[in-house]
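Worksheet: one structure, shown below.
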Amino acid sequence: MLRRQFGSLLALSLVLASCGSNSNTPTATSTKTSSELSSQAISGTNIDTWRQQVIYLTLPDRFANGNSSNDNAGQPNCLNTASATKFHGGDLAGLRSKLGYVRGMGASTLWSTPVYKQVGEVNAGTSSAACGYHGYWADYTDPDDQSIEPKLGTSADLNGLISDLHASGMKFMMDMVVNHAGYGARIHAQHPDWFHTNCTGKDVTCPLAGLPDFAQENTNVAAYLTNVSKTWTSNYAIDAIRMDTVKHVPTTYWQNSWVPGVLAARPSTFLLGEVFNDSGSAALKPYLDAGFDSLFNFPLRTSLVNGIAKAGSLDSVASSVQDYVGNLGLSRALLMVNLLDNHDVQRFVNEPGSGVAETEIRKRYQLALATLMTVPGIPQLYYGDELGMYGGPDPDNRHDMPGWAWTDAGRNATYSGFLGGGGTPKTTYDYVQKVTGIRQSNEALWKGSYAEMWRPNGGQNVYAFYRGSSASRVIVVMNTSTSSAAVNLDIQGNAGISSTDKAALTNGTAFTDKLGLGAPPSATVTNGKLPVTLPAGSMGIYVAGSSGTGGGGTSVTFQVSASTFYGQGVYLSGNTAELGSWNVASALNMTPSGCSGSVCTWKTTVSLTPGAALQFKFIKKPGDNGAGVTWEGGSNRTYAVPGSGPVNYNGGNWQP
C-alpha cells in the first residue's frame with residue numbers, strides 16, 4: 001500500500017562533498033584492551049563517556065523550522081521547498097525546540113551538518129540549480145569571518161542549542177570541512193594558488209565533484225585551515241568534531257597540524273573522521289594513527305546491508321566484526337562509529353529493494369537496528385531512521401521531517417514514504433527507544449569484550465556473540481534464515497570469554513531475553529553451553545541473571561517508574577544472591593521503556609527460588625548530584641516468590 005519513494009526527484013549534477021556442528025564453532029576473536037595504534041585524543045573517564053553515546057545526525061535545514069523570519073536570509077534564490085537541492089526553512093531554532101524528541105529515542109549526541117555560511121546559488125537558471133542547504137559548500141574568506149549560514153540562524157542560536165544540550169546531559173558534535181571550499185567561494189579568488197590544479201588521479205590532489213580543493217601541503221593553507229577550525233572550537237562549547245572527507249587530505253596534515261591544533265584549543269574533544277572506504281579496517285588504521293579517536297565503520301555498514309538488508313550470509317557480518325575488533329584492538333573497536341545509513345547513502349530500508357514485502361523489510365530493519373546496538377562500537381542514527389523513513393540515493397535520502405513526527409499520536413498512523421509492514425512510525429520509534437535502552441542498561445554492550453560464538457560458515461544463517469564487562473554479561477544470537485535453528489552456544493570452551501566470566505556462568509545460570517523479537521524468553525546454561533532454539537527471522541539479547549537455579553526457579557519481572565538523567569540507569573539490589581546480595585556492583589540492571597521525558601518504566605526479569613522471602617530496593621547508578629549510587633528512600637521492599645511463574649512485580653513509582 002505504501003510507496004517506498006517520495007516520487008522522482010531531479011538528478012543532481014553537483015553531489016554533496018561529504019560525502020550446530022563443529023564447522024560452525026568459530027575461532028575466538030581477540031579482544032585486547034590495549035590499542036596497537038597511536039594514542040587517542042580522549043583519555044580517562046572520557047573514553048567510557050563516549051563509548052556510551054548514541055549519535056544522531058541531522059541536517060538542520062530538513063529537521064524543523066523554528067524561525068520563519070530567517071527563511072530568506074543570506075543568498076538569494078536559495079529557498080525553495082519544492083526543490084530537493086535548495087533550502088527548505090529548517091534552522092537551529094527548530095532543532096533546539098525538538099531536543100526532547102531526540103533524547104526520547106535514546107540518542108545522546110547531536111551531530112549537525114556544518115553551519116558555515118554557504119556560497120550562492122550554483123548552476124542558476126538550469127534544472128540542476130542548487131544551494132548549500134547541507135552545509136558542505138562553505139564560503140570561506142581570508143581573513144576568516146566565522147559566519148554562520150543566515151538561513152540557519154545566528155551565533156546566539158548555536159550557543160543556545162549547545163547550552164540546551166548540555167543542560168539535558170547531551171553532547172554536541174560540530175561538522176567541519178577542510179578538504180575543499182564551496183563553488184566560487186571568496187577565498188578561491190583571493191588565493192588561487194592555495195588550491196590543487198593538477199589532478200594526479202589520487203584522492204588527495206583531485207577535486208571532489210569539482211569543488212575547489214585545498215592544497216594542505218602548502219604551509220600557508222595548513223595554517224589558515226587549522227586556525228579556522230581552532231576558532232570554531234574555541235568559540236563554541238563543542239564536545240566533538242566530525243571531520244568531512246578525511247581521506248582526501250594528506251595524513252601528515254591531520255597529524256602535524258589539525259589534530260594538535262584543535263586539541264590545543266579545546267582538550268579532550270572527541271575527533272571523528274569520515275573515511276568513505278568499506279574495504280576493511282586496514283584501510284582505516286592510518287587515519288587513527290594520525291590522531292582521530294574514531295572513524296565511521298563503513299565496512300560494517302556494507303556487511304549489514306549485504307547480510308541483513310539483502311538477506312545474504314551472516315558470515316559477512318561476523319567477518320566484518322572480527323576484522324575490526326581483531327585488527328584495531330578492543331579499545332579502538334569500542335570507539336568506532338557504526339551506522340546503517342547517513343546522508344551520503346540510500347536509507348537502509350531501501351536496501352532490500354522494492355520487490356521485498358514491507359513485513360519482511362520491517363523484520364530485517366529490526367534485526368539490523370538490534371545488531372547496531374550490540375556489536376562493539378558507538379551507534380549512529382540518521383534523522384528519520386527512527387520513523388522508518390524511505391529514501392534512495394542523495395538527494396532522495398534528505399526529505400523533510402514530517403510535522404506529525406513529534407508526538408506519539410502523530411506517529412501512530414501509516415504514511416506514504418515510511419515503513420509500514422504491520423506497523424507505523426510509532427512502532428519503529430518505540431523499537432529504537434527499546435534497543436537504545438537495552439544498550440544503555442547493559443555495560444557489556446557499550447564497554448564489554450567481544451567473543452564470537454557462532455557463525456554460518458556457509459550453513460544456516462545464525463550468528464551469535466558474547467559481550468562481557470564486570471558483572472554485565474550478554475549473549476546476542478540471531479537467525480535470519482527461513483527455518484528454525486537449534487544452536488548450543490559454547491561458553492566454557494570459548495577461548496574468547498574470560499576465566500572470570502566463565503566462573504560466573506556456571507550450569508544453571510539463567511539468561512533472559514530483553515529484545516522480544518521472537519526468540520525464547522529465557523535460556524539456561526547446561527553442560528557449559530547455552531542451548532537456544534530460534535524461530536526463523538528471530539533474535540535474542542540474552543542478559544545473564546542468577547546462577548544455580550537449575551531452570552527450576554520462578555521467573556519474576558520487576559518494574560518501577562523512575563526519572564533519570566542521560567547516562568543514569570536503574571538497578572535492582574536485594575538480599576539474595578540472585579539480586580546481588582546488597583552489593584551494588586552486582587545489582588541487576590533494568591531496561592527502560594515507555595519513556596515520557598525523563599520518566600521511564602524500568603524492568604528486569606530474573607529466575608528466583610520459589611518461596612524465597614525477598615527484601616530489596618531499586619537504585620540508580622551513577623547516583624544523583626555526583627554520587628556513585630542513589631538508593632530508594634523508605635523501608636526495604638518485600639516480596640514472597642510464588643511457586644510458579646512467570647509473574648510480575650509492579651513497584652509503582654520510585655520511593656524518594
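The values are calculated or read from the model by the stated rules, or taken from the named source; none is laboratory data. What you are looking at is a predicted structure, and each value in this text was computed from that prediction instead of being measured. Virtual Cβ from ideal backbone geometry, glycine too; neighbours counted across all protein chains shown. These area figures cover heavy atoms from the full protein model, side chains too; ligands, DNA and RNA do not enter into them. Shrake-Rupley method; radii C 1.70, N 1.55, O 1.52, S 1.80 Å.
Does the range 505-516 contain at least one residue that is within 26 Å of P622 (Cα to Cα), surrounded by fewer than 24 Cβ atoms within 10 Å (Cβ to Cβ) and among the small types (G, A, S)? No, every residue in the range 505-516 fails to be within 26 Å of P622 (Cα to Cα), surrounded by fewer than 24 Cβ atoms within 10 Å (Cβ to Cβ) and among the small types (G, A, S). Report yes if some residue within the range 74-90 is in a helix (DSSP H, G or I) and open to solvent by less than 30 Å² (accessible area, probe 1.4 Å); otherwise report no. Checking the range 74-90: not a single residue is in a helix (DSSP H, G or I) and open to solvent by less than 30 Å² (accessible area, probe 1.4 Å). All of (1) open to solvent by less than 30 Å² (accessible area, probe 1.4 Å); (2) among the hydroxyl-bearing types (S, T, Y); (3) in a loop (DSSP other than H, G, I, E, B) hold for T414 with one exception: (1). Put simply, of Y431, Y450 the only residue that is open to solvent by 10 Å² or more (accessible area, probe 1.4 Å) and either farther than 19 Å from Y382 by Cβ or among the hydroxyl-bearing types (S, T, Y) (or both) is Y431. With a requirement of 3 or more residues that are outside the structural domain of Y466 (by the TED database) and surrounded by 17 or more Cβ atoms within 10 Å (Cβ to Cβ), the strands (runs of 3 or more DSSP E) lying completely within the range 542-647 that satisfy it span 554-563, 569-574, 591-596, 599-608, 613-621.
Table: residues versus (1) at pLDDT 85 or above; (2) under 20 Å from V474 (Cβ atoms).
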{"site": "G567", "(1), (2)": "no, yes"}
{"site": "A577", "(1), (2)": "no, yes"}
{"site": "K621", "(1), (2)": "yes, yes"}
{"site": "W631", "(1), (2)": "yes, no"}
{"site": "N636", "(1), (2)": "yes, no"}
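L211 falls short on exactly one of the conditions (1) outside any helix (DSSP H, G or I); (2) touching a helix residue (DSSP H, G or I) at 6+ places or on another chain (Cβ under 6 Å), and that condition is (2). Of all the numbered requirements in (1) surrounded by fewer than 20 Cβ atoms within 10 Å (Cβ to Cβ); (2) in a loop (DSSP other than H, G, I, E, B), S331 misses one, and that requirement is (2). Determine whether the range 338-358 contains at least one residue that is more than 30 Å from G421 (Cβ to Cβ) and of a type outside the set (D, E, K, R). No, that holds for no residue. Per this entry, A73 is counted among residues that are at pLDDT 95 or above, among the aliphatic types (A, V, I, L, M) and over 30 Å from P622 (Cα atoms). Kindly evaluate G169 against the criterion of being touching a helix residue (DSSP H, G or I) at 6+ places or on another chain (Cβ under 9 Å) and under 27 Å from N46 (Cβ atoms). So G169 fits the description; yes. The one condition from (1) of a type in the set (S, T, Y); (2) outside any loop (DSSP other than H, G, I, E, B); (3) more than 20 Å from the chain's Cα centre (by Cα); (4) over 30 Å from I497 (Cα atoms) that Y429 does not meet is (3). Checking N648, N589 one by one, the residue that is closer than 13 Å to F558 by Cα, among the polar types (S, T, N, Q) and at pLDDT 90 or above is N648 and no other.
Taking the condition of being open to solvent by 50 Å² or more (accessible area, probe 1.4 Å) and assigned to a helix (DSSP H, G or I), how many residues in the range 381-403 meet it? Explain how you work it out, then say what you get.
Here is the first cut: in the range 381-403, the ones open to solvent by 50 Å² or more (accessible area, probe 1.4 Å) are 393, 400, 403.
Right, trim to assigned to a helix (DSSP H, G or I) and you get 403.
So the answer is 1.
Number of residues in the range 160-201 that are closer than 26 Å to Q255 by Cβ, open to solvent by less than 40 Å² (accessible area, probe 1.4 Å) and among the β-branched types (V, I, T) equals 3. For N67, indicate whether it is farther than 30 Å from D385 by Cα and at pLDDT 95 or above. Against the criterion (farther than 30 Å from D385 by Cα and at pLDDT 95 or above), N67 does not qualify. Scanning the range 127-159 for residues that are assigned to a helix (DSSP H, G or I) and open to solvent by less than 10 Å² (accessible area, probe 1.4 Å) gives a single hit, L158. Among the residues of the range 367-380, those that are outside any loop (DSSP other than H, G, I, E, B) and closer than 24 Å to G100 by Cβ comprise L369, L372, I378, P379, Q380.
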